[in-house]
Number of protein chains: 2
Amino acid sequence: MSRGPLEGIRVLELGQVYNGPYCGLLLAAQGADVIKIEPPGGEILRRHATSAPGGSYSFLMLNADKRGITLDLRKDRGHEIFLRLVDEADLVVENFREDVAKKLRLTWEVLSARNPRVILASGRGYRTGSEYEGLPALDLTVQAISGHMEITGFPEHPPVKAGATFADMLGSAHLFGAILLALRERDRTGRGQRVEVAMLDAMFPSLMSYASPYLETGVDPGRVGNQHSVPGSPPYGAYPATDGWVTLMCPTNAQYAKFCEVCGDRELASPSLRTGPARGERRAWIDERVARWTRGRRRDDIVRELEAAGIPCAPVRTLAEAVDDPYNVSQGLLRPVDVDLRGTVRTLGSPIQLRDPSSPHRADAPPPRPAPKLGEHNLEVLEELLGLDATDVAALAGDGVV
Amino acid sequence: MSRGPLEGIRVLELGQVYNGPYCGLLLAAQGADVIKIEPPGGEILRRHATSAPGGSYSFLMLNADKRGITLDLRKDRGHEIFLRLVDEADLVVENFREDVAKKLRLTWEVLSARNPRVILASGRGYRTGSEYEGLPALDLTVQAISGHMEITGFPEHPPVKAGATFADMLGSAHLFGAILLALRERDRTGRGQRVEVAMLDAMFPSLMSYASPYLETGVDPGRVGNQHSVPGSPPYGAYPATDGWVTLMCPTNAQYAKFCEVCGDRELASPSLRTGPARGERRAWIDERVARWTRGRRRDDIVRELEAAGIPCAPVRTLAEAVDDPYNVSQGLLRPVDVDLRGTVRTLGSPIQLRDPSSPHRADAPPPRPAPKLGEHNLEVLEELLGLDATDVAALAGDGVV
């Protein structure tokens, strides 16, 4: 049985924190042999605020199904071993800052001179060669400079970042696509190339619903909380329940009529509110009437009634509800795996699950392998790819190279 | 000159609003021939709150470099023509709700029986076959049910959605990768397959910084505004300037020492605050001292000083600043194009810009073609692919099929 469309593709992943490692995860999920290369002390996320065996929980979530080796690229001997690994690789994935990558001699010039078939995939905060090259890019700062913080939150409160690390993951998902494009080109030309995706760039298209009215009219819609950036017809947004919040909207007049039936509010059902524009003019009043109805009801009861009536709605679920939803395990998004001295850890699966019968995600897919321990596959990988033996590897360890 | 790695790939895009059309945009940017198929009245986004020529501004942003035809798939004659187009296509991209796709006879069974090489790529809100199949999925409701709203905002205020439409774009970016995987499989097997990415699934990995502490400890970190989900050492977050906000952080002790130098605050520089854990215990006090310094300064002056000192920071830019940044045009993220009766419109470019010299994004790349007018390429496409002539197409138009 095929391990997936990327079976036979060997990846050297020098990812750190979320951006590079999540790209490595997407590759591993499709059957690539992902060899994670960490500095001898471990990558940042492995060490993040923890001394637990195997590393931080988020490291364990992002790095299952990879093999792991250590290598000090700053040392000449480490660099030399790295280049020998590049000879055997299809793809190098990294998300260093451009100047750090250069210092580590991890450049397209060096790699392609060594192996013209290799592809270098770089996750960046800002595009190489742009005026922002070299600025440190973390999720918080990218959310700020990209304009996303300014459009998130309530107009009467300060701007706020999205809780989720969208900058990293949007970057990784686009980088994964870029890698597949480069593999396709290589099938045709025999040559590798460098691909790069900047988080700032990957965030930009998601500004759409604010950028388009701004570009059209020159007027910034401003922060609107849970409203639509371009106000349509109410109700739209989040409404309070006795035990939480519910989101709902009535995009069509028919749905609005249905909504009025469900909540039995004769004033809302007034013929004067039958059209969207008419409702738009009485937004505040309608929102208050809707909240008057939702406020006395349980969140899930509201959702059940509205769903039955075909009205788009959803509970604002707590983190616990969202994470503990059995959907995540049944759809392969969370995969339980035993980690030495830690017990069961839930590692992350890929949202890309091919529906072909030969897909590795079918029911009899092999269970995940836990994230590698620090340097776990040093001997295995250096023996398999470079023909080194245990004595060689011990000597390298003694010299602090691995 | 090659138009890109997807030259020669013909796509039938039945996308609507953001999710499907953004995936089509990513494909067109790599040289695919993307034929957008709309119902004779135009897709939802084209008609959204506008009667301007060519459609809404966001439609124009998302649909450049595509050809456009109209076709009523609900009519038997429309379905028949669609199947003849499927004969000539490599890929069908759509983001209908599963039950709508079924009603339109737009299923893997129908398509693959017709053309075993075709790939069907479906953007969904929730995974087909899961308990949520068929629920309407819009950015607002997916942000709510995914747990993302609950972790966004300040703890003392209600949950709030991210202003940006991350659900749509994360779904599209992963779907693009899935399509490339299916093309790769097809190169090997000669057969197409169905790929699908649900927005809910594509959002899940971005919960990482909240999901990992919750899965490890069972404790939900709660909404934390602009703080880190797992509080590290301050300063971290957004601080007020005279004219806006600035984000900053000091991940290392050396950066903290540098920060104290820049702001010249002797109390912050106290030896008792030299370590991260010591600073963590005095978060509120440190945040207040830092704000005391930032509050008297202009946002961009703070950023300039901190950048020079190597401290990660960024301005919280307004939407206008983010969109008007010349970076967007120079990096190909916004591409000016003339649209009939509208003047210059800025269409969206792809964040995936291959750095190979043969890349279509090099300086002499052809200018974008504007989004198609409704049915603009009916005759061109039906003649080229199916051999119909003007009389045939006029007859189809008369019958309301195109």
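If you go through the range B:209-221 and keep only what is in contact with a helix residue (DSSP H, G or I) (Cβ under 8 Å, 6 or more places away or on another chain) and either in a loop (DSSP other than H, G, I, E, B) or assigned by TED's automatic domain parsing to the domain that holds B:Glu150 (or both), you end up with B:Val219, B:Asp220, B:Pro221.
B:Arg279 passes every criterion in (1) over 29 Å from the mean Cα position of the chain (by Cα); (2) surrounded by fewer than 17 Cβ atoms within 10 Å (Cβ to Cβ) apart from (2).
The set of residues from the range A:78-119 being touching a Gly at 6+ places or on another chain (Cβ under 7 Å), within 25 Å of A:Ala202 (Cβ to Cβ) and either touching a residue at least 60 places away in the same chain (Cβ under 8 Å) or part of a helix (DSSP H, G or I) (or both) comprises A:Val93, A:Glu94, A:Asn95, A:Glu98, A:Asp99, A:Ser112, A:Val118, A:Ile119. Residue-level analysis places B:Thr347 outside the set of residues that are more than 22 Å from B:Ala64 (Cβ to Cβ), within 21 Å of the chain's Cα centre (by Cα) and either away from chain A (no Cβ under 14 Å) or not charged (D, E, K, R) (or both).
Of B:Val118, B:Val110, B:Val92, all but one fail to be more than 30 Å from B:Asp338 (Cα to Cα), hydrophobic (A, V, I, L, M, F, W, C) and either under 24 Å from the mean Cα position of the chain (by Cα) or within 14 Å of chain A (Cβ to nearest Cβ) (or both); the exception is B:Val118. Would you confirm, using the coordinates I've provided, whether B:Ser51 is among the small types (Gly, Ala, Ser), farther than 22 Å from B:Leu180 by Cα and in contact with a His (Cβ under 7 Å, 6 or more places away or on another chain)? So B:Ser51 fails the test. Count of the range B:173-196 residues, restricted to those that are of a type in the set (D, E, K, R) and in contact (Cβ under 8 Å) with a residue 40 or more places away in the chain, is 4.
This table checks each residue for (1) at pLDDT 95 or above; (2) within 21 Å of A:Gln143 (Cβ to Cβ).
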| site | (1), (2) |
| --- | --- |
| B:Ala182 | yes, no |
| B:His228 | no, yes |
| B:Pro231 | no, yes |
| B:Gly237 | yes, yes |
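Does A:Gly123 satisfy being among the small types (Gly, Ala, Ser), under 27 Å from the mean Cα position of the chain (by Cα) and at pLDDT below 95? Answer is no for this residue.
The single condition among (1) among the hydroxyl-bearing types (Ser, Thr, Tyr); (2) at pLDDT 95 or above; (3) under 24 Å from the mean Cα position of the chain (by Cα) that B:Thr50 does not satisfy is (2). Looking across A:Ala32, A:Ala28, A:Ala52, one residue alone is over 28 Å from A:Tyr132 (Cα atoms) and either touching a helix residue (DSSP H, G or I) at 6+ places or on another chain (Cβ under 6 Å) or touching a residue at least 60 places away in the same chain (Cβ under 8 Å) (or both). It is A:Ala52.
Comparison of B:Ile145, B:Ile119, B:Ile151 shows that the only residue that is more than 27 Å from A:Val224 (Cβ to Cβ), crowded, with 24+ Cβ neighbours inside 10 Å and not basic (Lys, Arg) is B:Ile119. Inspection of the range A:161-184 finds no residue satisfying the criterion of being buried (at least 24 other Cβ atoms within 10 Å of the Cβ), facing chain B (nearest Cβ under 7 Å) and over 22 Å from A:Gly20 (Cβ atoms).
Can you pull out every residue in the range A:203-221 that is more than 8 Å from chain B (Cβ to nearest Cβ) and either surrounded by 24 or more Cβ atoms within 10 Å (Cβ to Cβ) or farther than 16 Å from B:Val345 by Cβ (or both)? Scanning the range A:203-221 gives a single hit, A:Val219. If you go through the range A:122-165 and keep only what is of a type in the set (A, V, I, L, M, F, W, C) and assigned to a loop (DSSP other than H, G, I, E, B), you end up with A:Leu135, A:Ala137, A:Leu138, A:Met149, A:Ile151, A:Phe154, A:Val160, A:Ala162, A:Ala164.
The values are calculated or read from the model by the stated rules, or taken from the named source; none is laboratory data. Bear in mind that the values here come from a model prediction, so they are computed numbers and not experimental data. Here Cβ is always computed from backbone atoms with ideal geometry, including for glycine, and neighbour counts include all displayed protein chains.
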